[in-house]
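Everything on this sheet refers to the single structure shown next.
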Amino acid sequence: MSRMAVMTRRGFAAMAGGLIFSRAQAQAMVARQLWFSAWKAYRDSFIDAQGRVIDYSSNYGFTTSEGQSYALFFSLIANDRSIFHRVLSWTNANLAGGRLGETLPAWKWGQRNGSWGVIGRNSASDADSWIAYTLLEAGRLWGDDGLRGLGRRLARRIASDESSEIHGFGRVLVPGAMKFPRNAPVIVNPSYTPLFLAQAVAEDTGDAAWAEIAVTQPELMQAVSPRGYAPDWAWLPSAPHSPPRNLPLADSGSYNAIRCYLWAGLTAPDTPGAASLLESLRGMADYLKTSAVPPQTVDTNTGSARDAGPVGFSAALLPYLARMGRSGSLRQQLDRVLADRQPDGIFGQPARYYSENLILFGLGGLTGVIRFSKSGRVIPS
């Protein structure tokens, strides 16, 4: 472990009982500096001069609405208005045809037959929701009515085009505006709807559909996590194991599902539904009692796990383990994350786009740089 990692580990030593601020000012400063160093490294490594977030997992590098949405949120947390507006401008121009709010952004942009442009026209409701939420919060915190109005228009479009009312269950987000069924059985991705996000959008917009989505989310998680593990995808009501063609299979939790634990850990404990949400996800905390690292994949029906998850999985679980009061597992996962930190502030060699996002969320939640109120509003650090 590097000297910086050891120093940081000591700074975190007292942070094992909740989403905790260190008592000593020096510890809090170390924690805060770590997050801002990680944000700067992420900004320099993944965001180009235009405001495009690049995922380098392919040879040429592509961009998703998810990446743009997370960069918007992190730049708000960092109070980095220049990056925020650059990312927003690129997103509007290239993913929404200059009509963000009237239309939903395309989910994927990249190289196509020698040119560059949209290569996945469907929307992605998780990214759209994060963009709307961040616009609302940026408008509120920065006193910008234009951003707030844009966020409200986008939130209304999401509720109209990317949500479905399931009789006897409640309203949920569907993964995208096209190609996903709106009538039961409906396929859902539980990680697409952080409870705090839905609460805040509902409060800001006064939209009944968003209020219903917030109420349904804890019930959804209980319904799809029979053994305390979140799935990547699920059918509501439950459907046969042979879903319609070209749609995902259910009953397995991996790269999508890891965010369910992250969002549950970031949700303020006095948020309505937060306790039941966390309780429905106990499986991962129990697994880490006897395992050094989280699994890459879990069968959500049997609880059987396979393969070791990447370091980003450990980071995603930090706020969750803190909320669960699992101090031993928290220290173990934190040590793993800090051991992966490079001199330039990035994590891993090479750095991976998705893991870096999970690390920024996880460390931000643990250190208090990222905090949400009971109603899901950002609490500035």
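Taking springs between alpha-carbon atoms closer than 10 angstrom, which of 66, 162, 102 fluctuates most in the Gaussian network model of the chain?
102
Carbon-plus-sulfur fraction of the accessible area of the chain, 1.4 Å probe, in percent?
48
Excluding residues on the same chain fewer than 8 positions from residue 179, give the lysines whose Cα lies under 16 Å from its Cα.
Answer for residue 179, where 16 Å is the Cα cut-off: 108, listed by chain and number.
Contour minus end-to-end for residue 33 and residue 121, with contour as 0.36 nm per residue of separation and end-to-end as the Cα-Cα distance?
So the chain would gain 27.8 nm between residue 33 and residue 121.
If each of residue 301 and residue 208 carries a label point 7 Å out from its Cα toward its Cβ, how far apart are those two points in nm?
For the pair residue 301/residue 208, the computed spacing is 3.8 nm.
Can you tell which of 289, 108, 40 shows the greatest fluctuation in a Gaussian network model of the chain with Cα springs below 10 Å?
Maximum fluctuation in the GNM of the chain, among the listed residues, is at 289.
Taking the alpha-carbon centroid of each part, what is the distance from segment 286-321 to segment 135-167 in angstrom?
Taking the Cα centre of segment 135-167 as reference, the centre of segment 286-321 is 33 Å away.
Read phi for every residue in segment 303-320 and hand back ³J(HN,Hα) as whole Hz from Karplus 6.51 cos²θ - 1.76 cosθ + 1.60, θ = phi - 60°, with x for Gly and Pro.
Those phi angles translate into x, 6, 10, 8, 6, 8, x, x, 4, x, 5, 4, 5, 4, 8, 4, x, 4 Hz.
Consider just the alpha-carbon atoms of segment 211-318 and return their Rg together with their Dmax, both in angstrom.
Just the Cα atoms of segment 211-318 yield Rg and Dmax of 13.8, 41 Å.
Taking R0 as 35 Å, what's the FRET efficiency between residue 169 and residue 102 from their Cβ-Cβ distance, rounded to 0.05? Write down the numbers at each step before the final one.
Numbers: r = 30 Å, r/R0 = 0.87.
Efficiency for this residue pair is about 0.70.
Where Lys and Arg each count +1 and Asp and Glu each count -1, what net charge lies around residue 301 among other residues with Cβ under 12 Å from its Cβ?
-1
What number, rounded to the nearest 500 deg cm²/dmol, is the helix-based mean residue ellipticity at 222 nm of the chain, given -39500 (n - 2.57) per DSSP H run of at least four residues and division by all its residues?
Dividing the helical sum by the residues of the chain leaves -15000 deg cm²/dmol.
From the phi of every residue in segment 93-105, what ³J(HN,Hα) in whole Hz does the Karplus formula 6.51 cos²θ - 1.76 cosθ + 1.60 yield, where θ is phi - 60° and glycine or proline is x?
In residue order, the calculated couplings are 5, 9, 9, 10, x, x, 10, 4, x, 7, 10, 8, x Hz.
Quick one: Karplus J couplings for segment 250-266, per residue in order, coefficients 6.51, -1.76, 1.60, θ = phi - 60°, nearest Hz, x for Gly and Pro?
9, 6, 9, x, 8, 5, 6, 4, 4, 6, 4, 5, 4, 5, 4, x, 7
The values are calculated or read from the model by the stated rules, or taken from the named source; none is laboratory data. The structure displayed is predicted, hence computed values, not measured ones. No Cβ is skipped: glycine too gets one built from the backbone with ideal geometry, and neighbour counts run over all protein chains shown. Each accessible area value is taken on the protein alone, full model and side chains, heavy atoms only, with ligands, DNA and RNA left out. Shrake-Rupley method; radii C 1.70, N 1.55, O 1.52, S 1.80 Å.
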